1. Looking at (1) at pLDDT 95 or above; (2) under 17 Å from Gly83 (Cα atoms), can you tell me which one Pro62 breaks?
2. If you check Ala36, Ala79, which single one turns out to be in contact (Cβ under 8 Å) with a residue 12 or more places away in the chain and of a type outside the set (Lys, Arg)?
Amino acid sequence: MEEDLESALKLATIWDFQAVRLVTIKRIENLLLEPARVIQLAQLYDVHHWITPEIERLSLRPESLTSNELKQVGFEIAAEIQGVAKNDGSEIM
């Protein structure tokens, strides 16, 4: 299901089908994906409102990012997560 919804989001974004895009975004939000995956999708398909909450989720957990998560979120977001974690999550960029 995740792959189908990602394909729908990709095409709706490319073809500027806003109604389909909004419905697809809502459906993806209901999937409860891992935070790094949500950030990856947000970056790929310009769903900016997903990024800050997922950065917060990742920065508040005790474990560091895995190598796969680092690949998914990219260097800039990973650095931001690390900075937030150092500040105990009290400051989001």
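The values are calculated or read from the model by the stated rules, or taken from the named source; none is laboratory data. Model, not experiment: these values are computed from the prediction. Methodologically, a virtual Cβ is constructed for each residue, glycine included, from the backbone with ideal geometry; neighbour enumeration extends over all protein chains shown.
1. All conditions are met except number (1).
2. From the options Ala36, Ala79, the qualifying one is Ala36.
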